[in-house]
Amino acid sequence: MPVENTSTASELYIRVYYEDTDAGGIVFYANYLKFFERARTEWLRSLGISQSEMATTTGQVFVVKDVEIQYRKPAGLDDLLCIRSTITHIGAASVTFHQTATLAEELLCTSSIQVVCVDASTLRPAKFNHELRLSLEKAQD
């Protein structure tokens, strides 16, 4: 799956498979959260941030704290969705993403997702290390 990374946004194309749909043949609403998670993960990977490596070397992991999502139009089997991600805010230990799902430039779903960096053993917020913060700030510019 190609990831296009610019300094301000990332795009990931995701094909809708049968397993992504509900009994009505449209994308099950919760699967948009999976699509958005994949897009954030791939974007971070394109910035040189491996979440598994981060967990083992720093003992820090990302958790979702808050999600706001709006569904506008459905997607169906075989549709090729473009998941676009931008960073709207960076805090000491959190980052907020604005993410959209489109089909041929038509907006299907939009979200604001706040992700917090936490200590893996205590699950308490942990400030971003310097390198991680720089990478996120560069992606936000």
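The values are calculated or read from the model by the stated rules, or taken from the named source; none is laboratory data. Given the structure is predicted, the values throughout are model-derived calculations rather than measurements. We place every Cβ from the backbone using ideal geometry, glycine too, and count neighbours over all the protein chains shown.
Observations
- Residues that are in a helix (DSSP H, G or I) and over 18 Å from the mean Cα position of the chain (by Cα) within the stretch 18-45 comprise Tyr18, Glu19, listed in sequence order.
- For the stretch 70-83, the count of residues that are within 11 Å of the chain's Cα centre (by Cα), surrounded by 18 or more Cβ atoms within 10 Å (Cβ to Cβ) and closer than 21 Å to Tyr17 by Cβ is at least one.
- Odd one out for Thr58 among (1) under 15 Å from the mean Cα position of the chain (by Cα); (2) modelled with pLDDT under 95; (3) of a type in the set (Val, Ile, Thr): (1)
- Filtered residue count, the stretch 46-69, keeping only those that are surrounded by 16 or more Cβ atoms within 10 Å (Cβ to Cβ), of a type outside the set (S, T, N, Q) and assigned to a helix (DSSP H, G or I): 1
- Of the residues in the stretch 118-132, at least one is surrounded by 18 or more Cβ atoms within 10 Å (Cβ to Cβ), modelled with pLDDT of 95 or more and over 18 Å from the mean Cα position of the chain (by Cα).
- Of the set (1) surrounded by fewer than 16 Cβ atoms within 10 Å (Cβ to Cβ); (2) not in a loop (DSSP other than H, G, I, E, B), all apply to Ala92 but (2).
- Within the stretch 53-87, tally of residues that are β-branched (Val, Ile, Thr), more than 14 Å from Leu33 (Cβ to Cβ) and touching a residue at least 40 places away in the same chain (Cβ under 8 Å): 4
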